[in-house]
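For reference, the structure is listed below as structure tokens.
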Amino acid sequence: MSARLAPADLLRADILAMKAYHVPDAAGLVKLDAMENPYRLDEPLRAELARRLADVAINRYPAPDYRELRQAIRERFGVPAGYDVLLGNGSDELITLLTVATARPGAVHLSPWPSFVMYEMSARLAGSRFVGVPLAADFSLDLPGMLAAIEAHRPAIVWLSWPNNPTGNCFDEAAIGRVLDAAPGLVVIDEAYQPFAVDTWMPRLPQYPNLMVLRTVSKLGLAGLRLGYLSAAGPWLAELDKLRPPYNVNVLTEAAARFAIDHLDVLEAQAARLRADRDALARSLGALLGGLPGAAVFPSRANFLLVRVPDGPATFERLRARGVLVKDVGRMHESLRNCLRLTVGTPDENQLLVEALRQSL
Ligand SMILES: *Cc1c(COP(=O)(O)O)cnc(C)c1O
């Protein structure tokens, strides 16, 4: 082997050209950048979780079919009778898996845009073509644009983040129905923010043979576990399961997820609190940004708020200097210029955010 062998001699050009997924250092900052639930479990529950984890045989591989966890998910998360779930190491893994499975030569993956960056990233890595259909100016679905793009590109998958990350809104249900009817391939509704939107397409799976519903426990308050699930008609799950790395969900995640599902009422109460605090935060931000030229607070059904400020990059830096980390999404897409995405935190954190923002405009 040549001593001078370097990555550039071996790796795909598209990978060499990529930038690594950048996660900013949040040390010492109020962390409102990643849609995490700010609440932890209380001390008695944490002690009980520790006992459950202590019982797990970490010398053994996971049971390959995750039968009990799948059953708990089906029962507690409203999966319709006769439908099952495929588990992923976060829903990110399921997005990759679906993309790879459908990346036949010439395949197109399509999503309204801007939306979740992983849809495009996965398509690129799988070698398929990604088509982003611009959202309307108010971030609603441009239905004629979507239908024309579906007709022109015949996508293998239409991704619909519902609510949409990073805009926070839910697309109109009748418009989604039209997309489902028009799509020649799969329509995957990504319900990562379902705990905050409450509405769901899960019960409608039997109505649409090309519908899949993707969920995660991350935004509900278990981002560290890395657990996502996909529900769809059985034959699809059976094919996709061939691609799933055999032990993609580890035994500690499996045990912790079962524990969390046993105590789902606690997480649901946290989500309800965050929904109420989201609406209160939206009102405070509206009052603060009200008269400013170009400023806006966009309606949200998620656990974050998209706002537009007069100078996004400057406000982002000033907020960080004042100890508050948010997400600057202004460079993601033309329509998001000067936009910041603010995760809803605890009431104290939200108040800190509003005060810091007042001094950062
Ligand atoms: C956060 C997010 C995910 C990723 O969830 P993980 O399960 O943590 O991988 C998927 N889709 C959307 C739209 C998200 O915002």
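Of note:
- The set of residues in the stretch 160-207 being in contact (Cβ under 8 Å) with a residue 60 or more places away in the chain, outside any loop (DSSP other than H, G, I, E, B) and crowded, with 18+ Cβ neighbours inside 10 Å consists of LEU186, VAL188, ASP190, PRO195, PHE196, ALA197, MET202, LEU205.
- Any hit, the stretch 45-67, residues being over 27 Å from GLN207 (Cβ atoms), under 19 Å from the mean Cα position of the chain (by Cα) and in contact (Cβ under 8 Å) with a residue 24 or more places away in the chain: no
- Being at pLDDT below 95 and away from the ligand (no atom under 15 Å from the Cβ) is a property that does not hold for LEU143.
- Checked against (1) surrounded by fewer than 17 Cβ atoms within 10 Å (Cβ to Cβ); (2) touching a residue at least 12 places away in the same chain (Cβ under 8 Å); (3) not in a loop (DSSP other than H, G, I, E, B), ALA148 passes all but condition (2).
- The number of residues in the stretch 340-361 that are under 21 Å from ALA296 (Cβ atoms), surrounded by fewer than 23 Cβ atoms within 10 Å (Cβ to Cβ) and touching a Phe, Trp or Tyr at 6+ places or on another chain (Cβ under 9 Å) comes to 1.
- Top-ranked residue in the stretch 101-126 [being assigned to a helix (DSSP H, G or I) and more than 16 Å from the ligand (Cβ to nearest atom); ranked as farthest from ASN165 (Cα to Cα)]: ALA101
- In the stretch 223-266, of all residues being of a type in the set (A, V, I, L, M, F, W, C), within 15 Å of the ligand (Cβ to nearest atom) and buried (at least 19 other Cβ atoms within 10 Å of the Cβ), the one that is nearest to ARG51 (Cα to Cα) corresponds to ALA256.
- Only one of the listed residues (ALA280, ALA272, ALA314, ALA302) is at pLDDT 95 or above, more than 23 Å from PRO38 (Cα to Cα) and aliphatic (A, V, I, L, M). That residue is ALA314.
- Top-ranked residue of the stretch 19-41 - restricted to ones that are away from the ligand (no atom under 16 Å from the Cβ) and buried (at least 16 other Cβ atoms within 10 Å of the Cβ), ranked as nearest to the chain's Cα centre (by Cα): TYR39
- Verdict on ARG215 being within 17 Å of ARG74 (Cα to Cα) and more than 16 Å from the ligand (Cβ to nearest atom): no
The values are calculated or read from the model by the stated rules, or taken from the named source; none is laboratory data. No experiment lies behind these values; they were computed from the predicted model shown. Neighbour counts run over all protein chains shown; Cβ positions are idealised from the backbone, glycine included.
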